[in-house]
1. Cβ-Cβ under 9 Å, sequence separation 6+ or interchain: first residue in the stretch 77-89 and among the small types (Gly, Ala, Ser), partner modelled with pLDDT under 85 and open to solvent by 70 Å² or more (accessible area, probe 1.4 Å). Which pairs?
2. Among the residues of the stretch 1-12, how many are away from the ligand (no atom under 14 Å from the Cβ) and in a helix (DSSP H, G or I)?
3. Looking at ILE49, ILE10, ILE79, ILE44, which is the one that is touching a strand residue (DSSP E or B) at 6+ places or on another chain (Cβ under 6 Å), open to solvent by 20 Å² or more (accessible area, probe 1.4 Å) and aliphatic (A, V, I, L, M)?
4. Inside the stretch 38-62, can you point out the residues that are within 16 Å of the ligand (Cβ to nearest atom) and over 20 Å from LEU119 (Cα atoms)?
5. If only one of LEU103, LEU73 is surrounded by fewer than 19 Cβ atoms within 10 Å (Cβ to Cβ) and more than 16 Å from LEU20 (Cα to Cα), which one is it?
6. Somewhere in the stretch 86-93, is a residue hydrophobic (A, V, I, L, M, F, W, C) and either closer than 20 Å to ASP8 by Cβ or modelled with pLDDT of 90 or more (or both)?
7. So which pairs qualify, if the first residue must be in the stretch 19-40 and in contact (Cβ under 8 Å) with a residue 60 or more places away in the chain, the second must be acidic (Asp, Glu), the Cβ gap must be under 9 Å, and the two must be at least 6 apart or on different chains?
8. Could you check how many residues of the stretch 13-37 are more than 16 Å from the ligand (Cβ to nearest atom) and open to solvent by less than 70 Å² (accessible area, probe 1.4 Å)?
Amino acid sequence: MRVLLVEDDISLGEGIRTALRRAAYSVDWLHDGASALNAIRDDIERSEIDLVVLDLGLPRMDGIEVVRAARRLGASVPILVLSARERAADRTLGLDVGADDYLGKPFDTNELIARVRALLRRSQGRANPTLSCGALELDPANLALNLSDYVARGDW
Ligand code: CA
């Protein structure tokens, strides 16, 4: 799963990137709104980006404008907005222009990762949090592979 991270604060961005990578996502990191919109536009055909984590206060183009423009262009990628702007008006505006979820700064990185997982699950039309293939079951929350049925059947 590939996540586009858009954050101009270097230390915060590094923390988020580390947490996402630890949760086994590949991360592309951009630092301003205009570059983010270009990347989202270029990805409309390719669909390589599975989710965007977007700060609102960004140089060159505000995050709200990025979301609005991306949706106008027809981009359907899930967008999780991050912002220190905790006022209800900003949160509402972010969701109204097309963001899928909103997390106020400061936030716990575990909560961020859980929300990323939930959004990806929803975008893939799955309600069940575990991924399964035959008797194998993977829980993305802890990267645990459930082999019990497999082992019980003696298939290994
Ligand atoms: Ca910022």
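The values are calculated or read from the model by the stated rules, or taken from the named source; none is laboratory data. Note that the structure is a prediction, hence the values are computed from the model and not measured. So basically every Cβ, Gly included, is an ideal-geometry build from the backbone, and we count neighbours across all protein chains shown. With ligands, DNA and RNA removed, areas are computed over all heavy atoms of the protein, side chains included. Shrake-Rupley method; radii C 1.70, N 1.55, O 1.52, S 1.80 Å.
1. SER83/ARG91
2. Residues in the stretch 1-12 being away from the ligand (no atom under 14 Å from the Cβ) and in a helix (DSSP H, G or I): 0 in total.
3. ILE49
4. Looking only at the stretch 38-62, we keep the residues that are within 16 Å of the ligand (Cβ to nearest atom), and these are 52-62.
Residues satisfying the conditions are GLY57, LEU58, PRO59, ARG60, MET61, ASP62.
5. Answer to the check: LEU73.
6. yes
7. Cβ pairs passing all conditions: TYR25/ASP50.
8. Our first condition is that a residue be more than 16 Å from the ligand (Cβ to nearest atom); within the stretch 13-37, this holds for 18-28.
Narrowing the set further to residues that are open to solvent by less than 70 Å² (accessible area, probe 1.4 Å) leaves 18-20, 23-28.
Number satisfying all stated conditions: 9.
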